Amino acid sequence: MSRSIEKQQIEAARRERLKKEKPLAFEKILKIADRFKAGLATPVVDIGFNLACNLKCRHCFTTRFAHKERALSPDDLRRFSDEAHELGLCQFVISGGEPLILKNLQSVIKALQPDRFHLSMSTNGYFLTKEMARDLRSWGLDKVKISIDDFDAAKHDMNRNKEGAYLKAKEALFNAQEAGLSVVIQTCITHQNCRTDRTLEMAKFAQENGFTVDVMIAHAVGEWEGKHDMLIDADDAAYMKHVNQQYPSLHRDTFPTYGIERGCGSVNSNLHLTQYGDILPCGFIHISLGNIFEESFAAILKRGMSIKHFKEFNPLCLSGEDSNFIKNYMSKFYGKPLPVHWSEVFTPEDFV
């Protein structure tokens, strides 16, 4: 059996389980392709509920966010998920910070109405024990995305500033799988580590163990603000396509999904909700499109889709590959308290 067919069969089994366990979410997911063709945004919303974290990663992209008085509560998430449901959205990702250190994590998950949405969580895996994995599954979580920065333990631990972090992350993969959660390895690919044997080894490991690898390419933001030497180039991008052909378990968000050629998914396919209610085009574009404490989510989404850079197809990741967007737009928030307001970055010429 070819690896691509094997991956398709695994995905089909997951969808069948979702159909049985969450028919409302499944019904909405089936409409994604038609919505995309009709020009209707159906973003996965990544929710940075709390920036607190147990690790001090060298590439953290949340360290420059300014503190605000009002922060998200479970009640706010409930209202937001109601709005998202009315708009036809179907997927949330709980991120941070590190979600597994939240004392009210169960309340956060319940507020997002698991019966209506496919729910994922991004985690460093340090506290993802077998018991915690079973709890997450029982609370309505469907998938975990566990960060492994490098398939070399020493390099991962160095990047995370924590000895033993690599072993904890690898244990977490299997703890989650045993609990019945879908498991993703979330890895950051830079120009420096892309075309190495370790990238291939990670993809092979994932393929052999029923995991997938979600590639998050490097971005010159946060602790890497302005460090454009970390960004991938065309040869790096081509190499990842080559690895994907050999091991379909490795995937980039610019690769086709559900048979849809999305290109960069900012706004159209991905949004980020900050701890303080700001909606960003993605987790790496630190430009607020609006705040859910001040206006409706529908109005914010409409504004985002009226900005041509997010509405029009781009085969490149805007924030990590598109040199024009990085130079002319990303650089406008460098050195400033984040996120900046959209009016500080975009002019009338940027709107369709």
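Ordering 109, 220, 306 by the projection of their Cα atoms onto the charge dipole of the chain, which places +1 on the Cβ of Lys and Arg and -1 on the Cβ of Asp and Glu, puts 109 at the extreme positive end. Taking the Cβ of residue 67 as the center, what net charge do the other residues with Cβ under 15 Å away carry, scoring Lys and Arg +1 and Asp and Glu -1? Local charge sum for residue 67: +2.
With the helix formula -39500 (n - 2.57) applied to DSSP H stretches of n ≥ 4, the chain reaches a computed 222 nm mean residue ellipticity of -10500 deg cm²/dmol. For the stretch 257-332, a crude dipole built from +1 on the beta carbon of Lys and Arg and -1 on the beta carbon of Asp and Glu, taken about the Cα centre, is about 160 debye to the nearest 20. With all protein chains in place and a 1.4 Å probe, the accessible surface of the stretch 191-339 carries 49 percent carbon and sulfur.
Using the 1.4 Å probe convention, the accessible area of the stretch 67-135 works out to 43 Å² per residue with neighbouring protein chains retained.
In plain terms, if you count all Cα to Cα distances in the stretch 228-316 and split them into 5 Å steps from zero, the share in each step is 3, 13, 20, 19, 17, 13, 9, 5, 2, 0 percent. Residues 344, 11, 208, sorted by accessible area with the largest first, give 208, 344, 11 [1.4 Å probe; ligands and nucleic acids excluded]. Under the classification rounded if a/c is under 1.5, otherwise prolate if a/b is larger than b/c and oblate if not, where does the stretch 267-317 fall, given a ≥ b ≥ c as square roots of the Cα gyration tensor eigenvalues? Oblate, since a/c reaches 1.5 and b/c is not below a/b. Note on the stretch 170-261: antiparallel DSSP beta bridges, both residues inside, total approximately 10 percent of the bridges counted. Per residue, the convex hull spanned by the Cα atoms of the stretch 1-81 measures out at 223 cubic angstrom. Test of understanding: extend the Cα→C-beta vector of residue 10 to 7 Å, then name every residue of the stretch 231-247 with backbone N under 15 Å from that spot. Within reach of a label on residue 10: 244-247. Structure note, pairs 31/327; 145/311; 145/332; 227/336; 143/336; 28/130: Cα-Cα distances above 25 angstrom occur for 31/327; 145/311; 145/332; 143/336; 28/130. Charge dipole (Cα centre; +1 on Lys/Arg Cβ, -1 on Asp/Glu Cβ; no other charges) of the stretch 112-208 amounts to roughly 160 debye.
A P(r) calculated from all alpha carbon pairs of the stretch 173-285, with 10 Å bins opening at zero, reads 13, 38, 37, 12, 0 percent. Positive-end ranking of 144, 173, 207 along the dipole of the stretch 109-224, with charges on Cβ about the Cα centre, is headed by 144.
Placing unit charges on the Cβ atoms only, positive for Lys and Arg and negative for Asp and Glu, gives the chain a dipole magnitude near 560 debye about its Cα centre. Exposure check, 1.4 Å probe, all protein chains in place: residue 98 carries approximately 0 Å² of accessible surface. The stretch 85-143 has equivalent-ellipsoid semi-axes of 20, 12, 10 Å, by the square roots of 5 times the alpha carbon gyration tensor eigenvalues, sorted largest first. According to the Cα-based calculation, Rg over Rh for the stretch 23-165 is 1.00, with Rh computed by the Kirkwood formula. Placing unit charges on each Cβ (+1 for Lys and Arg, -1 for Asp and Glu) gives the stretch 1-96 a dipole about its Cα centre, and among 59, 90, 33 the Cα reaching farthest toward its positive end belongs to 59.
The values are calculated or read from the model by the stated rules, or taken from the named source; none is laboratory data. Small disclaimer: the values here were computed from a predicted structure and weren't measured. Cβ coordinates were reconstructed from backbone atoms using ideal geometry, including for glycine residues, and neighbour counts include every protein chain displayed. In case anyone asks, the SASA skips ligands and DNA or RNA and just uses the protein heavy atoms, side chains included. Shrake-Rupley method; radii C 1.70, N 1.55, O 1.52, S 1.80 Å.
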